[in-house]
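The structure appears right after this line, and notes come after that.
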Amino acid sequence: MRGSIRALGRLAGGLYLLLLYLFVMGPLLFVIATSFNPATSFPSRFEGFTLSWYAAILERPEFLAATGTSALVAALAAALAVLVAFLAAYALSRQGGAGGRGAMATLLASPLLVPQVVVSLAILQLASSFGIGTGFWGLVAAHAVYVMPFALRLILTGFARFDFAVEEASRSLGGGPLATWREVTLPLLRPSLVAGFTFCFILSFVNLPLSLFLTGPETATLPIVMFAYIESRIDPMIAAVASLIVLAAATATLLLDRFLRVRLVD
Amino acid sequence: MPELVLSHVTRRFSGHTAVDDLSLTVRDGEFVCLLGPSGCGKTTTLRIIAGFERADAGSLTLDGADITALPPEKREIGVVFQSYALFPHKTVAENIGFGLKMRGRSRAEIATAVEQALALVRLDGLGGRYPRALSGGQQQRVALARALAIRPRLLLMDEPLSNLDAQLREEMRVEIRRIQHSLGITAVLVTHDQGEALAMADRVAVMSQGRLQQMAAPAEIYEAPATAFVGHFIGQVNVLEGRLEQVDGRTGLLALPGGLKLAGAGQGLAAGQAARAMVKQERIALTRAEPTGLPNRFPCRVVERTYLGGGIAYRCAAAGASLTALLPNHPLFERFAPGDAAWLGWTAADCTIFPG
Ligand SMILES: Nc1ncnc2c1ncn2[C@@H]1O[C@H](COP(=O)(O)OP(=O)(O)OP(=O)(O)O)[C@@H](O)[C@H]1O
Ligand SMILES: [Mg+2]
């Protein structure tokens, strides 16, 4: 009797998880399925299987160029964010820092609370008030500001497991400050630095609102190009693009989990 | 001559003085233990010597050269950390060889030195392991080997044995002394365990509230405490407060509120002064017959008996005073039960009186 109740409970739990996954993943699965659907309108009934939408991407040079732009922006923004977050996390985690540490961490995380469109607009205004164009670097700056708090979270978690005494050990053994960072601090924090970079890269790569006011014809990112494309027409090619992005992001996340044992959520 | 001299070293943390005008000398080849209660500034002192912490005032010399402003990597001082602070991403051999690598030594030279260091701490063959694959005791030995591999001028250890179980701790006391002696290295060990300090040190430096109380050989610290703090802190001690009735040079008669009069010895005593007498528990005889040879002897009643294995502690009441006598657990010594009438007795030399 008790056994069957437990089995029932387990079944209910399993069902709940399945529904939850479906709720989160369902739309995604629909998009992926659509990308293989030969029907030319979107959404529509499934009529078969084709790879032609993927081939169609290759005929749209603006998508390839935008992918390059997005990757470059994402790489630079992620690198900048990780650098800033590492230095901040180092200062916040070291012993001896007086009170206000919590307040500092909150302040550094505050870009999370500002709507991204506002960040984008603010950078545009700032740049124009100095009479300079925003251009490529304005775009990178906006993305870096937005993704930095995510890097900070991850790297702070890394520092929570870091015993600063190893730095002193290195110093007492003759390692100068730079040698100590190279030999001890950075290698020990590498997992959270790599994870921080990867997540920042993904977040920047797929982000639309940050770029809304900051891109020009030369600097259109992939989400901007996609946005422009679906304004004029909707066909499954855009689903094919989205599916490729999901595939890349999922692969990166799985690799992190597998090789660095770092998760976005613990 | 690797001699370490601290003169008037002071360190304050936001108004609180962790190390207060500390002056002491560690002689060449000497093993000194810094002993004191939690928070008295031992670790801070060690960190100042290592160069991890700056001194707000005062100076340090090593080998006669001023090292006060020298960064840690230039001091040639080996440090064993309480947490060991081994590099988790490096093998045991890489940990031990790290200091020599920083000095740009050749691979062959480092390999030889690592082998030697491993042999010294009796960990031959474990060079390829990672620290997490070692027991606490083995990690401790690696930490020691790593600090020694650079042939430091001075070896510092902060509570190196506190994470080991009791038996291993006893073993490592002997082991650390053996290694220190065989290398002839000057060493400073921080501990709050007086047994450890007395057993290991050539000289013990007792600290309290950032100040040096006394620095002397273990027997002198134990038998001839220089301050009331040391007298109270070292050993199992009875403290009796009263007023000095008679003083004759270094000896005095202390009257307790309950009427007992204790003969003892001390410095700077004056008649009429409030004072404290300190008597170590094991220096008190507890007998059924009156101990007529002892100047301090009082009839008492046994109140409580605590069996300690190696000894038996009896808490006794005598004229309003409470005293504990510690007797060896040996058939030659009488046994008592709570309620028994008995005599307490001790010599004047075992009764140290401190003014105040
Ligand atoms: N970085 C710091 N900032 C503020 N106060 C400190 C700092 N380091 C030490 N202190 C204070 O200085 C005093 C001495 O500390 P220290 O660590 O030297 O004591 P200790 O003798 O080693 O004690 P324990 O036996 O507990 O290790 C303590 O009151 C401590 O709180
Ligand atoms: Mg300490």
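The values are calculated or read from the model by the stated rules, or taken from the named source; none is laboratory data. Keep in mind the model is a prediction, meaning the values are calculated, not measured. All Cβ positions, glycine included, derive from the backbone under ideal geometry; neighbour counts span all protein chains shown. Remember, those area values only see protein heavy atoms, side chains included, never the ligands or the DNA or RNA. Shrake-Rupley method; radii C 1.70, N 1.55, O 1.52, S 1.80 Å.
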Worksheet entry | For segment A:14-31, Karplus couplings with θ = phi - 60° (6.51, -1.76, 1.60), whole Hz, Gly/Pro x | x, 4, 4, 4, 4, 4, 4, 4, 4, 4, 6, 8, x, x, 5, 4, 4, 4
Discussion item. With a 10 Å cut-off between alpha carbons and a GNM built on chain B, which of B:36, B:104, B:136 moves the most?
Written reply: B:104
Discussion item. Once neighbouring chains are kept in place and the probe is 1.4 Å, which whole percent of the accessible area of the protein assembly as shown is contributed by carbon and sulfur?
Written reply: 61
Item to complete: Identify all aspartates and glutamates with a Cα-Cα distance to residue B:42 below 13 Å; exclude those on the same chain that are fewer than 8 residues away in sequence.
Response: B:20, B:53, B:158, B:159, B:193
Worksheet entry | Dipole moment magnitude, nearest 20 debye, segment B:143-243 about Cα centre, only Lys, Arg, Asp, Glu C-beta charged | 420
Worksheet entry | Relative contact order (%) - segment B:236-355, alpha-carbon pairs under 8 angstrom, separation at least six | 32
Worksheet item: How high is the relative contact order of chain A, given as a whole-number percent (alpha carbon pairs under 8 Å, six or more residues apart)?
Response: 30
Worksheet entry | Within a Gaussian network of chain A (alpha carbon springs, distance under 10 Å), most fluctuating of A:103, A:220, A:91 | A:103
Discussion item. 5 Å is the cut-off here: which amide hydrogens, built 1.01 Å from N in the peptide plane, fall below it relative to residue B:316, excluding neighbours closer than 5 in sequence?
Written reply: B:303, B:323, B:324, B:325
Worksheet item: What list of ³J(HN,Hα) couplings, whole Hz, do you get for segment A:159-169 from phi and the Karplus terms 6.51, -1.76, 1.60, once you set θ to phi - 60° and write x for glycine and proline?
Response: 5, 4, 9, 9, 8, 5, 4, 5, 5, 5, 4
Response to the item:
The farthest towards the positive end of the charge dipole of the protein assembly as shown, of the residues B:102, A:241, A:91, given +1 on Cβ of Lys and Arg and -1 on Cβ of Asp and Glu, is A:241
Worksheet item: Given the protein assembly as shown, what percent of its DSSP beta bridges are antiparallel, to the nearest 5?
Response: 75
Worksheet, complete the sentence: If every Lys and Arg gets +1 and every Asp and Glu gets -1 at its Cβ, then about the Cα centre segment A:58-260 yields a dipole, in debye to the nearest 20, of 460
Worksheet item: Based on the Cα gyration tensor of segment B:206-318, what are the three equivalent ellipsoid semi-axes, each the root of five times an eigenvalue, rounded to whole Å and given largest first?
Response: 24, 21, 12
Worksheet item: Going by accessible area, probe 1.4 Å, with all protein chains left in place, what is the ranking of A:143, B:89, B:330, B:16, largest first?
Response: B:16, B:330, B:89, A:143
Fill in: Most fluctuating residue given options A:72, A:92, A:107, as computed from a GNM of chain A linking Cα atoms under 10 Å
A:107
Worksheet entry | Cys with no candidate disulfide partner in chain B (beta-carbon separation under 4.7 Å rule) | B:33, B:40, B:351
Discussion item. Per-residue Cβ counts within 10 Å, from other chains only, averaged over A:162-168: what number is that?
Written reply: 5
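Work out which trypsin sites (Lys or Arg not before Pro) in chain A are exposed loop sites (DSSP not H, G, I, E or B, at most 13 other Cβ within 10 Å) and give the longest gap free of them.
Result for the longest clean stretch: A:162-232.
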Worksheet item: Which of the lysines could a cross-linker span from residue B:280 if the Cα-Cα distance has to be under 23 Å and same-chain partners fewer than 8 positions apart are dropped?
Response: B:261
Worksheet item: Can you list the residues, at least 5 places off or on another chain, whose amide H is less than 5 Å from the amide H of residue B:129, using H built in the peptide plane?
Response: B:92, B:93
Fill in: Restricting segment B:236-332 to trypsin sites (Lys or Arg not before Pro) in coil, as DSSP defines it, with at most 16 other Cβ within 10 Å
B:250, B:288
Worksheet item: What's the buried accessible area, both sides, between B and A using a 1.4 Å probe, rounded to 100 Å²?
Response: 1700
Worksheet entry | CD proxy at 222 nm, helix term only [per DSSP H run n ≥ 4: -39500 (n - 2.57); per residue of chain B; nearest 500] | -7000 deg cm²/dmol
Worksheet item: Of all DSSP beta bridges in chain B, what percent run antiparallel (nearest 5)?
Response: 75
Discussion item. Once R0 is set to 51 Å, what does the formula 1/(1 + (r/R0)^6) return for the Cβ-Cβ distance between residue A:244 and residue B:74, expressed as a FRET efficiency to the nearest 0.05?
Written reply: 0.40
Worksheet item: Residues with amide H under 5 Å of residue B:12's amide H, sequence separation 5 or more or different chain, H placed in the peptide plane at 1.01 Å from N; which?
Response: B:18, B:56
Practice prompt. Let me know the charge dipole size of chain B about its Cα centre in debye, to the nearest 20, where only the beta-carbon of Lys, Arg (+1) and Asp, Glu (-1) is charged.
Written response: 600
Practice prompt. Give the range of the longest stretch in chain A that excludes all chymotrypsin sites (Phe, Trp or Tyr not before Pro) found in loop regions by DSSP and having at most 12 other beta-carbon atoms within 10 Å.
Written response: A:131-266
Worksheet item: What accessible area per residue comes out for chain B, rounded to a whole number of Å², with a 1.4 Å probe?
Response: 44
Worksheet item: In deg cm²/dmol and to the nearest 500, what is the mean residue ellipticity at 222 nm of chain A if only DSSP H runs of at least 4 residues count, each as -39500 (n - 2.57), divided by the residue total?
Response: -23500 deg cm²/dmol
Worksheet item: Among B:88, B:339, A:184, which residue has its Cα positioned farthest towards the positive end of the charge dipole of the protein assembly as shown, with +1 placed on the Cβ of Lys and Arg, -1 on the Cβ of Asp and Glu, and the dipole taken about the Cα centre?
Response: B:339
Worksheet item: Put +1 on the Cβ of each Lys and Arg and -1 on the Cβ of each Asp and Glu in segment A:1-86; which of A:50, A:20, A:76 then has its Cα farthest toward the positive end of the dipole?
Response: A:20
